[in-house]
Amino acid sequence: MTFKYNHSSHSKKVASVVLAGMMALSSGGAAMAADSTQTGPGQSAAANSTAAPAGLFSDIKAGFWAEKHVYKLAYQGILLGNNGLFRPGDAVTQQEAITMAIRFMNAESQLNTSTAAALPTNMEVGNYFKPYVALALQLGLVDKTEEAATDVSKTTWGQKPATREWITKLLIRSLNKDAEAKAQNNQSTGFADNASISDSAKGYVNLAVSLDLAKGLDGNKFNPTGSVTRAQLATFFSRGESLTDTKYPNTATGYVTGLKDGQITLVVDGKAVNYAVNSSTPYFTKDSETRAAASDVKLYTKVLVVGSSGSASYVEVIDANPQVESIEGTFARSLSGNKIGLFVGENYETYSYDENTAFIDQNGNTIKLSDITADSIIEVQRETFSADKKTVVIRVKSGIVNKSDNGVIAEVQTSGKTIKLVNAAGATEQYTYNDSLIILYQNRILSLSDLKAGSSVKYTVKDSVLQTIELAQGVEQSVRGTLVEIGGNQSTVTFKRDGGSLEAKLLIEKPEVIINGIQDATLNDLITDATNGDKVELTLNSDDQVTRIQVIGRQMEPLNGATVVSYNSKTKLLTVLDANKKPYVFTLDEKTKMDYNAAKPTLAGLESLLNDGRKLDLTYVGTRALSVKVIYKYEGTFTSIDTANRKISLLSGSQTITVPYTTVPTVEMYNKSSASLSDLKIGDNVTVTLGSNQDVVQKIALKSVAQFEVAGVETNGRVRVKADLLTSQFYVDQAVLTDENGQTITSAQLVTGSLINVTFEGVTPKAVQVIKRTLAEVTAVDASSVTLKQFNGSTEKVAISGAVKVVKSGSTLTSLSNLTVGDRVEMTKDTDNSTRFRVLTVMSKQFWSYDGVGNQILVKRETTTDTNYRFALGSSVFVHQGDNTLSVQSLRDNDNIVLYLLNNVVFEIQKQ
């Protein structure tokens, strides 16, 4: 997972000193490309410069905060890439920023590449960038006199990282607002570090702030010498497009007049232009940084499209308000020449329509003009962006509906006598019905109960009331009853319908049989009897054949504490006595559920135990034994131990059970290798296992729950876990595994790094549940709730009821008051179901290097004896500066960073 959140030290969205919340852009092929002859350090070969890929750059994942701006600029040709990479967190060099500015101004046609550009001696740049820098000087984007004072002793002028102050000037000048900026040079910027801002830059900073392109950092500072990332610069240029009249050859802005599958039509400068779109076309809106859906593009809204060859590469809704006007009136009649007449107030007016005009009813569903009846109140909507003012929608606001259509049943509401349908055009509509409604299938009259959601139908409506519904295909039906007989060749089933008489139905060749507790059940597992047969729900297909039989009830009887009299392995007949010495005879088979002291019980294994005097628990129907459990253990709450008389007692359900022991029984506890009876406490939840003769205690296993972090999962069901920095392992192949939502999973679905609660019976795992783990920043806290800013950017207010634990600085506290706004926490459920917050440890360090093989970072030692300088990274460590997500690879030697750790693992790195 990716973590992202705000913190008080970076609460304002700052992308550059001059960029307010800049969120994206950058590196451009230009930004990264160079002539094949390297003329400066760090320049790459021109052969490596490639146009923006058809999708995201490989280092820009879906949902990246600057994705929108990168997409647009890449497809406009302003932004290029290098071997499919974007490098969003890298600092922008001066030569890269100038190349971006020239492309942003669409001024590349003015480049002079015929000869090497003549530049001032101190303005050394890569060969690729020379024409761009020369043109920037010519256009006044940079000032030769100002640049003469630049310190180039450590790096070339072109490779010098662009400062916030320098970028501010470049961007304002690229917007052709140089004069406006200079006019404000004598005004204070109002920032606390105003004195650190060059006098020649103050006007540019003032203008950038007034244009809402720049904001201050914490402490109301501007930090004029701070660097700007590629992503930040890209966002600024993208947003700056709204402040310039520059036109780009493959960018068009117009109004949507057509939306079809795979196509969007715009009216651009009075002409219709079609663009192909598909599932991979990115959609955005002007006021959001996150992706929108294709359905967010509506007719007659203003949209920007970037694309070529009739294909849209990027779509952005500029104004979501449809450009239409509405006229309401009373429908009179349709006229020749594609016109309608209606009364608007006291005036009779006519309005034209064409093949693109939509006719819809009061539910928003498509209708035909002939469906509109006289005196209906209608609304005519006309577009307002052209002189023609074409009619785009004619909508019935109230009136009588008469129509025939095909559709699908969505919902039948018998209480209100309404039926909801989805018509052939995909629109939902709802109509009332009465007792005269006729429901048909192949000339057979059906009942209302035969209408099922999802059924395809043809229907007619008169005076807004459903008249007929004809099913296009047979419907699946369900009936309930008691099973009486399965035909000898398993082709028929006889049942007694609930509240009815005996019925017989044909079975399909292999009907599905569902019986709770029996996996892969078959017809042979069903109990048939005129009075005690299974209660079932039968599913019938359109041919009235049974496709599915689900047992919803069995009239089985329990018989607990029975004593075996005899068992015949040939006839499978078991004779037992109940507690009152009443005899019973049952038949066993392979389908009888068996339980004895074995991991995988079998009938053969059970038979060897059915000797005279054996104690059993059974369930049965008639003479058939449904389950047989050899009593080999008791489960309950430990209540007492009588060492003098060598007896132990436990409460199992509502019954107190006392069992003797001859030799001291084995005691099993998880995480205690040599437990004894003295380790047991009154109230412990235990399982008592009996000896082979069921008369004495052999073993006592304490039931316990422990929480672990998954360290690894092997294919044989063995799981490696960590707890309190210690690693252990156990098998879960015989345990019940569930996810955070209680759904059953397999061991292969356990994820390294996830938390699990494991329920042990002694040392044997019996249940494993994945525990939800939330990493977040505390933004507010009171006596009963905590507001968390999750690392993915979302905010959640968590109501806390019941016990709470706050693990902080090695202590476990029991009040939310011990949480502080700004704390980074891990919120989970503890083994006792209490809500637990573990506060992450905070360290301030200087970055040294990154070990990609070991997934570790190394920091500068504070002293020569400091050994705490190497830290493991979490699988999804969040690296950021302010609100800008970075990669760990973008960190540089001596960067000041703050580490947030849990159990010595880094989950967040905040670059200062």
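Condition check: at pLDDT 85 or above and not small (Gly, Ala, Ser). Does residue 245 satisfy that? Walk me through how you get there before you give the answer.
On the way: at pLDDT 85 or above: yes; not small (Gly, Ala, Ser): yes.
Answer is yes for this residue.
Given the residues 449, 456, which is the only one that is within 42 Å of the chain's Cα centre (by Cα), without any contact (Cβ under 8 Å) to a residue 24 or more places away in the chain and not assigned by TED's automatic domain parsing to the domain that holds residue 496? Let's see the steps before the verdict.
Values: 456 fails: without any contact (Cβ under 8 Å) to a residue 24 or more places away in the chain.
Exactly one residue qualifies, and that residue is 449.
Of all residues in the range 642-679, those that are surrounded by fewer than 16 Cβ atoms within 10 Å (Cβ to Cβ), touching a helix residue (DSSP H, G or I) at 6+ places or on another chain (Cβ under 8 Å) and in a strand (DSSP E or B) total 1.
Within the range 746-753, is there a residue that is surrounded by 17 or more Cβ atoms within 10 Å (Cβ to Cβ), more than 30 Å from residue 289 (Cβ to Cβ) and not small (Gly, Ala, Ser)? Checked the range 746-753: at least one residue is surrounded by 17 or more Cβ atoms within 10 Å (Cβ to Cβ), more than 30 Å from residue 289 (Cβ to Cβ) and not small (Gly, Ala, Ser).
For the range 876-897, a tally of residues being out of contact with any His (no Cβ under 9 Å at 6 or more places or on another chain) and farther than 18 Å from residue 59 by Cβ returns 5.
Taken over the range 564-587, the criterion of being assigned to a loop (DSSP other than H, G, I, E, B), touching a strand residue (DSSP E or B) at 6+ places or on another chain (Cβ under 7 Å) and more than 24 Å from residue 634 (Cβ to Cβ) is satisfied by 572 alone. Please verify whether the range 886-899 includes one or more residues that are among the basic types (Lys, Arg), more than 24 Å from residue 727 (Cβ to Cβ) and assigned to a strand (DSSP E or B). Scanning the range 886-899 turns up no residue that is among the basic types (Lys, Arg), more than 24 Å from residue 727 (Cβ to Cβ) and assigned to a strand (DSSP E or B). Test residue 130 against the stated conditions and say whether it is crowded, with 16+ Cβ neighbours inside 10 Å, more than 23 Å from residue 241 (Cβ to Cβ) and either free of Cβ contacts under 8 Å to residues at least 60 places away in the same chain or among the aliphatic types (A, V, I, L, M) (or both). When the stated conditions are applied, residue 130 passes them.
Evaluate the range 257-267: report whether one residue or more is farther than 27 Å from residue 911 by Cα and of a type in the set (D, E, K, R).
Let us first name the residues in the range 257-267 that are farther than 27 Å from residue 911 by Cα, namely 257-267.
Then keep just the ones that are of a type in the set (D, E, K, R); that gives 260-261.
Yes, the range 257-267 contains a residue that is farther than 27 Å from residue 911 by Cα and of a type in the set (D, E, K, R).
Restricting attention to the range 60-84, the residues that are surrounded by fewer than 24 Cβ atoms within 10 Å (Cβ to Cβ), more than 20 Å from residue 882 (Cα to Cα) and at pLDDT 85 or above total 3. Against the list (1) part of a loop (DSSP other than H, G, I, E, B); (2) buried (at least 19 other Cβ atoms within 10 Å of the Cβ), the condition residue 186 fails is (2). Among the candidates 832, 851, 883, the residue that is within 27 Å of the chain's Cα centre (by Cα), charged (D, E, K, R) and at pLDDT below 90 is uniquely 883. Is it the case that residue 789 is more than 30 Å from residue 748 (Cα to Cα), among the charged types (D, E, K, R), crowded, with 16+ Cβ neighbours inside 10 Å and in contact (Cβ under 8 Å) with a residue 12 or more places away in the chain? Against the criterion (more than 30 Å from residue 748 (Cα to Cα), among the charged types (D, E, K, R), crowded, with 16+ Cβ neighbours inside 10 Å and in contact (Cβ under 8 Å) with a residue 12 or more places away in the chain), residue 789 qualifies. Picking from residues in the range 607-641 that are more than 18 Å from residue 683 (Cα to Cα) and polar (S, T, N, Q), the one that is surrounded by the most Cβ atoms within 10 Å (Cβ to Cβ) is 619.
Being more than 30 Å from residue 568 (Cβ to Cβ) and in contact with a Phe, Trp or Tyr (Cβ under 7 Å, 6 or more places away or on another chain) is the requirement here; does residue 657 meet it? So residue 657 fits the description; yes.
When you scan the range 194-207, do you find a residue that is in the same structural domain as residue 67 (by TED's automatic domain parsing), within 25 Å of residue 246 (Cβ to Cβ) and of a type in the set (S, T, N, Q), even just one?
Yes, the range 194-207 has at least one match.
Checking each residue of the range 83-93 against the condition of being assigned to a loop (DSSP other than H, G, I, E, B) and among the aromatic types (Phe, Trp, Tyr) gives at least one match. In summary, strands (runs of 3 or more DSSP E) completely within the range 454-563 and bearing 3 or more residues that are closer than 30 Å to residue 370 by Cα occur at 456-462, 465-471.
Screening residue 494 against (1) surrounded by 14 or more Cβ atoms within 10 Å (Cβ to Cβ); (2) farther than 18 Å from residue 552 by Cβ; (3) of a type in the set (Ser, Thr, Tyr) leaves a single unmet condition, (2). Just one of the listed residues (734, 707, 729, 698) is exposed (fewer than 14 other Cβ atoms within 10 Å of the Cβ), in the same structural domain as residue 767 (by TED's automatic domain parsing) and in a strand (DSSP E or B), and it is 729.
Residue-by-condition table, conditions (1) at positive phi; (2) surrounded by 14 or more Cβ atoms within 10 Å (Cβ to Cβ):
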| position | (1), (2) |
| --- | --- |
| 325 | no, no |
| 345 | yes, no |
| 360 | no, yes |
| 375 | yes, no |
| 378 | no, yes |
| 388 | no, no |
| 397 | no, no |
| 401 | no, yes |
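Pairing residues of the range 610-621 that are over 11 Å from residue 693 (Cα atoms) and assigned by TED's automatic domain parsing to the domain that holds residue 583 with residues that are acidic (Asp, Glu) and surrounded by fewer than 18 Cβ atoms within 10 Å (Cβ to Cβ), at Cβ distances under 8 Å and at least 6 apart in sequence or on separate chains, gives 619/557; 620/557; 621/529; 621/557.
Applying the criterion of being small (Gly, Ala, Ser) and outside any loop (DSSP other than H, G, I, E, B) to the residues of the range 854-877, the residue that is modelled with the highest pLDDT is 872. Criterion applied to 523, 538, 507, 573 was being over 48 Å from the mean Cα position of the chain (by Cα), surrounded by 14 or more Cβ atoms within 10 Å (Cβ to Cβ) and either touching a residue at least 40 places away in the same chain (Cβ under 8 Å) or on the phi < 0 side of the Ramachandran plot (or both), and the one residue passing it is 573. Can residue 587 be described as more than 22 Å from residue 529 (Cβ to Cβ), under 53 Å from the mean Cα position of the chain (by Cα), surrounded by fewer than 16 Cβ atoms within 10 Å (Cβ to Cβ) and of a type in the set (Val, Ile, Thr)? Answer is no for this residue.
The values are calculated or read from the model by the stated rules, or taken from the named source; none is laboratory data. On a predicted model such as this, the values are computed, not experimentally measured, just so you know. For neighbour counting, all protein chains shown are included, and Cβ atoms are generated from backbone atoms with ideal geometry for every residue, glycine included.
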